[in-house]
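Novice: Have a look at this one.
The values are calculated or read from the model by the stated rules, or taken from the named source; none is laboratory data. Since this is a predicted model, take the numbers as computed values, not measurements. Please note: Cβ atoms are built from the backbone with ideal geometry, for glycine as well, and neighbour counts cover all protein chains shown. Accessible surface areas use protein heavy atoms only, side chains included; no ligands, DNA or RNA. Shrake-Rupley method; radii C 1.70, N 1.55, O 1.52, S 1.80 Å.
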Amino acid sequence: MSVQRRYQLEFTSSSPQHTESLGRLLGQLLHADDVICLSGDLGAGKTIYSRGIGAGWGAAIPLTSPTFNLVHEHRRAIDDARLFHIDCYRISGPGDADSIGLDDILDSKATALLEWPERIQAVLPPARLWIDILDGGGAQRHFVFQACGERYVTLLDRYRQLVGGITIM
Ligand SMILES: Nc1ncnc2c1ncn2[C@@H]1O[C@H](COP(=O)(O)OP(=O)(O)OP(=O)(O)O)[C@@H](O)[C@H]1O
Ligand SMILES: [Mg+2]
């Protein structure tokens, strides 16, 4: 299957609070089965952005870094939907993805949110939203979004409309 790859959106966050707000807006738009990949160096802001995503999605408890357990499963009270927050930093390669049950997660219709996705890029579905977070110095974080596949082009179009209305903090 060839998946359309289109560059769609970029913006700069000026504070951790701003990053969390931007994540919350994306979280509101997520569906079951969505795959969101968050790439960026240590301290880029992946977990802070994820915390916003979780809040916007409706997670019953706030998202924290899955550094130790590698996978955190979150539930949403209203419909019992699931969101898996995965940290691939300590996964040594695609072969190791089995150890976190990645196939089951991707088959489960849950929403998947991955930090350090480049560690397992070869086994990720080609249709996904890929986000690079670049440290711009100080509290500046530059976000670059690539929508891979029609679902994510639609998602990013809607996200752009929401982000356009956000107050810059
Ligand atoms: N605009 C910003 N957005 C997000 N974080 C920022 C921003 N400016 C400064 N920071 C700081 O950068 C750090 C980001 O931490 P976070 O845990 O989200 O990074 P991470 O990318 O998940 O790192 P790791 O790969 O270690 O898990 C925090 O200490 C936060 O206060
Ligand atoms: Mg993190």
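Novice: Can you tell which of Ser21, Ser92, Ser50 shows the greatest fluctuation in a Gaussian network model of the chain with Cα springs below 10 Å?
Specialist: The residue with the greatest mean-square fluctuation here is Ser92.
Novice: Please work out the C-alpha center-to-center distance from region 19-72 to region 90-123 and express it in whole Å.
Specialist: Answer, in whole Å: 15.
Novice: Further question: Name the residue farthest towards the positive end of the dipole of the chain from the options Ile36, Ile100, Gly52, assuming +1 on Cβ of Lys and Arg, -1 on Cβ of Asp and Glu, about the Cα centre.
Specialist: Projecting each Cα onto the dipole axis, the largest value belongs to Gly52.
Novice: So what is the accessible area of the chain per residue, in Å², with the probe set to 1.4 Å?
Specialist: For the chain, the per-residue accessible area is 48 Å².
Novice: Looking at Leu134, Ala81, Ser21, which one has the Cα that reaches farthest to the positive end of the dipole of the chain (charges on Cβ: Lys, Arg +1; Asp, Glu -1)?
Specialist: Working it through, the farthest residue towards the positive pole turns out to be Ser21.
Novice: All other residues with a Cβ under 15 Å from the Cβ of Arg141 taken together, and with Lys, Arg as +1 and Asp, Glu as -1, what is their net charge?
Specialist: -4
Novice: Heavy atoms only, probe 1.4 Å: what % of the accessible area of region 18-169 goes to carbon and sulfur, would you let me know? All intermediate terms of the calculation are to be shown ahead of the outcome.
Specialist: Numbers: 3560 of 6820 Å².
Within region 18-169, the accessible surface is 52 percent carbon and sulfur.
Novice: Based on Cβ point charges of +1 for Lys and Arg and -1 for Asp and Glu, what charge dipole magnitude is obtained for region 6-65 about its Cα centre, in debye rounded to the nearest 20?
Specialist: Charge dipole, region 6-65, about its Cα centre: 80 debye, nearest 20.
Novice: Name the residue, out of Gly138, Gly101, Gly23, whose mean-square fluctuation peaks in a Gaussian network model built on the chain with Cα pairs under 10 Å.
Specialist: Highest fluctuation among the options: Gly138.
Novice: What percent antiparallel are the DSSP beta bridges of the chain, to the nearest 5?
Specialist: Of those bridges, close to 65 percent are antiparallel.
Novice: Could you compute the longest span of the chain free of trypsin sites (Lys or Arg not before Pro) located in DSSP loops and having at most 15 other Cβ atoms within 10 Å, not counting the site residues? Please report the intermediate quantities before stating the final value.
Specialist: Working: sites that count: Arg90, Lys109.
Within the chain, the longest run free of exposed trypsin sites (Lys or Arg not before Pro) spans 1-89.
Novice: Within a Cβ distance under 12 Å of Pro94, other residues only, what is the Lys/Arg minus Asp/Glu net charge? Please report the intermediate quantities before stating the final value.
Specialist: On the way: positive: Arg119; negative: Asp96, Asp98, Asp103, Glu118.
So the environment of Pro94 carries a net charge of -3.
Novice: Measure nothing fancy, just the Cα-based angle from helix 46-57's long axis to the longest principal axis of the chain, in degrees from 0 to 90, nearest 10.
Specialist: The angle comes out near 90 degrees.
Novice: Now for a separate question. Jot down the radius of gyration and Dmax of region 109-151, Cα atoms only, both in angstrom.
Specialist: Values for region 109-151 (Cα only, Rg and Dmax): 12.4, 38 Å.
Novice: Where does region 23-80 land on Rg/Rh, using Cα atoms and the Kirkwood Rh?
Specialist: 0.95
Novice: Further, regarding this structure: Once R0 is set to 45 Å, what does the formula 1/(1 + (r/R0)^6) return for the Cβ-Cβ distance between Asp103 and Ser14, expressed as a FRET efficiency to the nearest 0.05?
Specialist: My answer for the efficiency is 0.70.
Novice: Quick check for me: using +1 on Lys/Arg Cβ and -1 on Asp/Glu Cβ, what's the dipole size of the chain about its Cα centre, in debye to the nearest 20? Write down the numbers at each step before the final one.
Specialist: Working: 16 positive and 20 negative charges, 94 e Å.
With Lys and Arg at +1 and Asp and Glu at -1, about 460 debye.
Novice: Per residue Cα convex hull volume for the chain, in cubic angstrom?
Specialist: So the per-residue Cα hull volume is 108 Å³.
Novice: HN-Hα J couplings of region 138-151 from phi, Karplus 6.51/-1.76/1.60, θ = phi - 60°, integer Hz, Gly and Pro as x?
Specialist: x, 9, 7, 10, 9, 9, 10, 10, 10, 8, 10, x, 4, 4
Novice: Work through the residues other than His31 whose Cβ is under 14 Å from its Cβ and net out their charges, Lys, Arg +1 and Asp, Glu -1.
Specialist: On the way: positive: Arg76, Arg82, Lys109, Arg128, Arg151, Arg158; negative: Asp33, Asp34, Asp79, Glu150.
Net of charged neighbours comes to +2.
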